[in-house]
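Visitor: Encoded as structure tokens, here's the structure I'll be asking about.
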Amino acid sequence: MTEDGHDDEALAATVGVLLKALRLVGRSGDPDAANRLAARAWLALRDGHPRQAELLNGAMHYLARLPQTIDLDSASSPNNQEDQ
């Protein structure tokens with residue numbers, strides 16, 4: 001952290017953007033994927049930045065309550081372009 005707190009401000013802004021993106025992914029039909037990403041970010045922040053980790057924890061609880069609407073069969077099919 002710098003003495004003037006710019007690192008804290010940058011981290012808070014970055015986590016804020018991440019939270020919005022995770023919620024958008026969750027609401028667009030893949031809350032499980034969003035939750036996995038949130039968990040990875042939480043692990044990275046939990047020891048050194050507990051306040052930001054707590055915000056991610058709240059997002060994970062929100063995402064866990066969303067319905068899964070992505071067709072998991074088509075997402076894991078051999079024809080899926082992401083797997084290639």
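The values are calculated or read from the model by the stated rules, or taken from the named source; none is laboratory data. Quantities reported herein were computed from a predicted structural model and do not represent experimental measurements. Methodologically, a virtual Cβ is constructed for each residue, glycine included, from the backbone with ideal geometry; neighbour enumeration extends over all protein chains shown.
Visitor: Starting from the stretch 39-61, keep only residues that are at positive phi, then list their pairs with residues that are among the acidic types (Asp, Glu) and surrounded by 13 or more Cβ atoms within 10 Å (Cβ to Cβ) whose Cβ atoms are within a distance under 7 Å, requiring at least 6 positions of separation or different chains.
Guide: Sorted first by the residue in the stretch 39-61, then by its partner, the list stays empty.
Visitor: For Arg36, state whether it is assigned to a helix (DSSP H, G or I) and more than 11 Å from the chain's Cα centre (by Cα).
Guide: Here the answer is no, as Arg36 does not meet what is asked.
Visitor: Out of the residues in the stretch 22-32 that are part of a helix (DSSP H, G or I) and in contact (Cβ under 8 Å) with a residue 12 or more places away in the chain, state the one that is farthest from the chain's Cα centre (by Cα).
Guide: Once the filter is applied, the top-ranked residue is Arg27.
Visitor: If you scan the stretch 49-84, which residues turn out to be modelled with pLDDT under 95, within 16 Å of Val25 (Cβ to Cβ) and in a helix (DSSP H, G or I)?
Guide: Matches in the stretch 49-84: Leu72, Ala75, Glu82.
Visitor: Going by what's in this entry, would Ala41 be described as assigned to a helix (DSSP H, G or I), out of contact with any Lys or Arg (no Cβ under 7 Å at 6 or more places or on another chain), surrounded by 18 or more Cβ atoms within 10 Å (Cβ to Cβ) and among the small types (Gly, Ala, Ser)?
Guide: In short, yes.
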